[in-house]
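> Quick one: this structure, given as structure tokens, is what I'll be asking you about.
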Amino acid sequence: MTYDTVREVDQATADALEGEQARQNDTLAMIASENHVSQAVMQAQSSDLTNKYAEGYPDERYYGGCEFADDVEHLAIERAKELWGAEHVNVQPHSG
């Protein structure tokens, strides 16, 4: 991942982000909470959905304009049910 857009606004922050990226690529952290995620996960977590407030459950949100957040959450629900052979699952994003 490149930080060219960040660099245009703040050189020091871009340097720090690139430094952390290099650290993670060059070391093996034996800390369970420091997962090394794929590029696909990084892209999904930095998508425009991070700008969307989608409180509640799919198709029952408190605010409008959540159809694509609902699509992603429905995918997660169906895939989790299939993966674990569960009849019901509750999949909620980690924040807002």
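The values are calculated or read from the model by the stated rules, or taken from the named source; none is laboratory data. Since this is a predicted model, take the numbers as computed values, not measurements. Here the Cβ positions follow ideal geometry from the backbone for every residue, glycine too, while neighbour counts run over all protein chains shown.
> Checking Trp84 against (1) aromatic (Phe, Trp, Tyr); (2) more than 30 Å from Thr5 (Cβ to Cβ); (3) at pLDDT below 95, which single condition isn't satisfied?
Failed condition: (3).
> What is the residue count in segment 72-93 for residues that are assigned to a helix (DSSP H, G or I) and in contact (Cβ under 8 Å) with a residue 12 or more places away in the chain?
5
Quick grid of which residues meet (1) touching a helix residue (DSSP H, G or I) at 6+ places or on another chain (Cβ under 9 Å); (2) among the aromatic types (Phe, Trp, Tyr); (3) not assigned by TED's automatic domain parsing to the domain that holds Met1:
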site: Gln21; (1), (2), (3): no, no, no
site: Gly65; (1), (2), (3): no, no, yes
site: Glu73; (1), (2), (3): no, no, yes
site: Leu83; (1), (2), (3): no, no, yes
site: His88; (1), (2), (3): yes, no, yes
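> Pull up segment 1-60, narrow it to residues that are touching a Ser or Thr at 6+ places or on another chain (Cβ under 9 Å) and outside any helix (DSSP H, G or I), then point me to the one that is surrounded by the fewest Cβ atoms within 10 Å (Cβ to Cβ).
Filtering segment 1-60 for residues that are touching a Ser or Thr at 6+ places or on another chain (Cβ under 9 Å) and outside any helix (DSSP H, G or I), the one surrounded by the fewest Cβ atoms within 10 Å (Cβ to Cβ) comes out as Met1.
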